[in-house]
Amino acid sequence: MGPLRVAVINGPNLNMLGVREPEIYGRETLAQIEASLSAAAAELNVQLTFFQSNGEGELVTEVQRLRGTADGALINAGAYSHSSIALRDAFASVSVPFIEVHLSNVHAREPERHRLVLAGQAVGVICGFGSYGYEAALRGLTRHLRAGKQ
Ligand code: DQA
């Protein structure tokens, strides 16, 4: 079976991981999380691309780019996860299966973090496992994508 192409997309303030509220988000940087994901991807025969932006429009453009270029995606849209109908519409436009990731358990936090506007379109949602959530999501997405191709 050929390599799967998976896009890893991170939204606002995730470039600040490592220094940003480490008691909530941990001490790993985004670069370290991406390096761990790359190791898991090599084992799973998955090709990853990485994208991070603080801008909602840039994220929408990146999701649009997935059409025809990615088999699936992982996204931590940061605070836009709670508000961005534009990102939800972008995923609806491209029909690329994705998993939503959050480092923290958003459901154990403030009420405004409980609403997840992309989640209804996701294959699944992983939250509360810190940086391991990205690897868990990659494994779950790979399994989901390959199940359809066996
Ligand atoms: C987050 C949770 C969001 O509520 C927050 O705005 C973030 C990070 C997480 O990974 O836990 O920026 O998506």
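The values are calculated or read from the model by the stated rules, or taken from the named source; none is laboratory data. Please read all numbers here as calculations on a predicted model, not as lab measurements. Positions of Cβ are generated from backbone atoms using ideal geometry, with glycine treated the same way; all protein chains shown enter the neighbour counts.
Could you tell me whether any residue of region 105-113 is away from the ligand (no atom under 13 Å from the Cβ) and of a type outside the set (D, E, K, R)? Before the answer, list the steps.
Within region 105-113, the subset away from the ligand (no atom under 13 Å from the Cβ) is none.
No: region 105-113 contains no residue that is away from the ligand (no atom under 13 Å from the Cβ) and of a type outside the set (D, E, K, R).
Restricting region 95-104 to residues that are β-branched (Val, Ile, Thr) and in a strand (DSSP E or B), the residue that is farthest from the ligand (Cβ to nearest atom) is Ile99.
Among the listed residues Ile85, Ile33, which satisfies the condition of being at pLDDT 95 or above and within 19 Å of Ala137 (Cα to Cα)? Outline the logic, then answer.
On the way: Ile85 fails: within 19 Å of Ala137 (Cα to Cα).
The unique qualifying residue is Ile33.
Kindly provide the set of residues from region 81-90 that are part of a helix (DSSP H, G or I), more than 12 Å from the chain's Cα centre (by Cα) and within 16 Å of the ligand (Cβ to nearest atom), ordered by number.
So the first thing to find is which residues in region 81-90 are part of a helix (DSSP H, G or I), and the list is 81-82, 85-90.
Okay, now just the ones that are also more than 12 Å from the chain's Cα centre (by Cα), so 82, 85-90.
Result: His82, Leu87, Arg88.
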